[in-house]
Amino acid sequence: MESIAPVAIPRPRAESAAMPWYLMTMLLGSTGIAVGILWDLSWHLSIGRDTFWSPPHVAVYFGGVLAGLSCGALALRTTFARRRQPVRHASRMTTAPPAQIARSRIGNRAAIL
């Protein structure tokens, strides 16, 4: 009898179906902002004027900081990563390296000013 050599079957990565971390943090941050704004409106209607550190305001601040930090981390990681993969530029539907995208966006903003 001949023995049959085992064949390695490639398995899909478990994380491919999972939602990326930056989408999860953006979702949590956006939810915090929405809940905080609705809570703040009802707080003003029922209690009246409040302080800077009231619980509804803290929820809005938390959502904004969380969303801002996750977007900032993603932008830095994408810009300064050692990988040289082209990134899809949404407004022009072309591919360009991340540094070129950053330069073009800075140039566009400088032209507006």
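Bear in mind that the values in this text are calculations on the coordinates, not laboratory data. As the structure is a prediction and not an experimental result, all values here were calculated from the model. Neighbour counts are summed over all protein chains in view; Cβ atoms, including those assigned to glycine, are modelled from backbone coordinates with ideal geometry.
What does the highest-first list of 26-33, 72-79 look like by mean Cβ count within 10 Å?
On the way: 26-33: 16.5, 72-79: 12.8.
Put in order of decreasing packing, that is 26-33, 72-79.
Want the number for Ala81 to Met19: 0.36 nm per residue separation, take away the alpha-carbon distance, what's left?
On the way: separation 62, 0.36 × 62 = 22.32 nm, distance 2.08 nm.
My answer for the length gained is 20.2 nm.
Between Ala73 and Trp53, the contour length at 0.36 nm per residue exceeds the alpha carbon distance by 4.6 nm.
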